[in-house]
Amino acid sequence: TATLETVLPDPARNNHQVPILVRYPLDVPAGPRAVVIFNHGGTTHDQGHTLNVERSESYAQAGYPVIHIARKNVVSPSNSDLAACVAAGIPQPGGISCSEWLGTVVYGSQNVAFMVGLLPQYQVGMLPGFIGEPDLEKIIVSGWSGGTASVLYIAGVAQQYQLYVQPAPVVPGVVAFVADSPRGPDHAGFSSGMNEEAFRGINSRPFLFFSGV
């Protein structure tokens, strides 16, 4: 396998920086390959695209290109971002900041949609030694611990923080999900916005859970 590391600004979110590490297979046949979007554990972390590599490495070794995304604090929140923090009661006493909550909760699943939206721009040669192409109709969203929040939202889990209701993200081409130690109703010292009923919203696409709970 090989890797390529870069940072991509998202113009739709005031050039929010999205660091990624692409881990991809070498010596695979030409043609379309399913793509894995991987979300690291914990909350925001500037180097999150280098965390929890065991799973992303295993995907690449199995023949799939993997886009490993870091979730970063939101440096320049928009008015709607700030309104979301107010509605959600962030910051809470002893809790995380608005900037971190936005980066972890609100922007997490948006990062996945952002990356999938860039896949049609891929050109052969962008990943040295990789002669395949992303299959835009076979995208798997995967995550580790806190990173499974984005996986769950895209799969259909509902969440609400006080008066803030997380919009259901729609990401074209996603066909399956994998969650390692998936987040529950309470996680990392703050409310996840989920309750037990929320998980009934997961739709019919295959979802593989690994959990030590």
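The values are calculated or read from the model by the stated rules, or taken from the named source; none is laboratory data. The shown structure was predicted, so the numbers you read here are calculated from the model rather than taken from an experiment. Cβ coordinates were reconstructed from backbone atoms using ideal geometry, including for glycine residues, and neighbour counts include every protein chain displayed. Side chains included, ligands, DNA and RNA excluded: accessible areas come from the protein's heavy atoms. Shrake-Rupley method; radii C 1.70, N 1.55, O 1.52, S 1.80 Å.
Tabulated data
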{"item": "Identity of the residue in region 179-204, in contact with a strand residue (DSSP E or B) (Cβ under 6 Å, 6 or more places away or on another chain) and open to solvent by less than 20 Å² (accessible area, probe 1.4 Å), that ends up modelled with the lowest pLDDT", "result": "193"}
{"item": "Residue 102, sole failed condition from (1) within 24 Å of residue 9 (Cα to Cα); (2) in contact with a helix residue (DSSP H, G or I) (Cβ under 6 Å, 6 or more places away or on another chain); (3) open to solvent by 10 Å² or more (accessible area, probe 1.4 Å)", "result": "(3)"}
{"item": "Matching residues in region 51-107 - criterion: being β-branched (Val, Ile, Thr) and touching a Cys at 6+ places or on another chain (Cβ under 6 Å)", "result": "90"}
{"item": "Residue check, residue 40 open to solvent by less than 50 Å² (accessible area, probe 1.4 Å), in contact with a helix residue (DSSP H, G or I) (Cβ under 8 Å, 6 or more places away or on another chain) and not aliphatic (A, V, I, L, M)", "result": "yes"}
{"item": "Residue within region 24-39 that is within 19 Å of the chain's Cα centre (by Cα) and either of a type in the set (S, T, N, Q) or assigned to a loop (DSSP other than H, G, I, E, B) (or both) present", "result": "yes"}
{"item": "Residues satisfying the stated conditions in region 58-93, i.e. charged (D, E, K, R) and either under 18 Å from the mean Cα position of the chain (by Cα) or open to solvent by 60 Å² or more (accessible area, probe 1.4 Å) (or both)", "result": "71, 72"}
{"item": "First in region 50-65 and under 17 Å from residue 145 (Cα atoms), second anywhere and open to solvent by 60 Å² or more (accessible area, probe 1.4 Å) and among the hydrophobic types (A, V, I, L, M, F, W, C), Cβ under 7 Å, 6 or more apart", "result": "52/144; 55/144"}
{"item": "Pairs where the first residue, in region 1-28, is under 12 Å from residue 76 (Cβ atoms) and the second is part of a loop (DSSP other than H, G, I, E, B) and open to solvent by 80 Å² or more (accessible area, probe 1.4 Å), C-beta under 6 Å, 6+ apart", "result": "9/15"}
{"item": "Tally, over region 69-128, of residues that are among the hydroxyl-bearing types (Ser, Thr, Tyr), without any contact (Cβ under 8 Å) to a residue 40 or more places away in the chain and not in a helix (DSSP H, G or I)", "result": "2"}
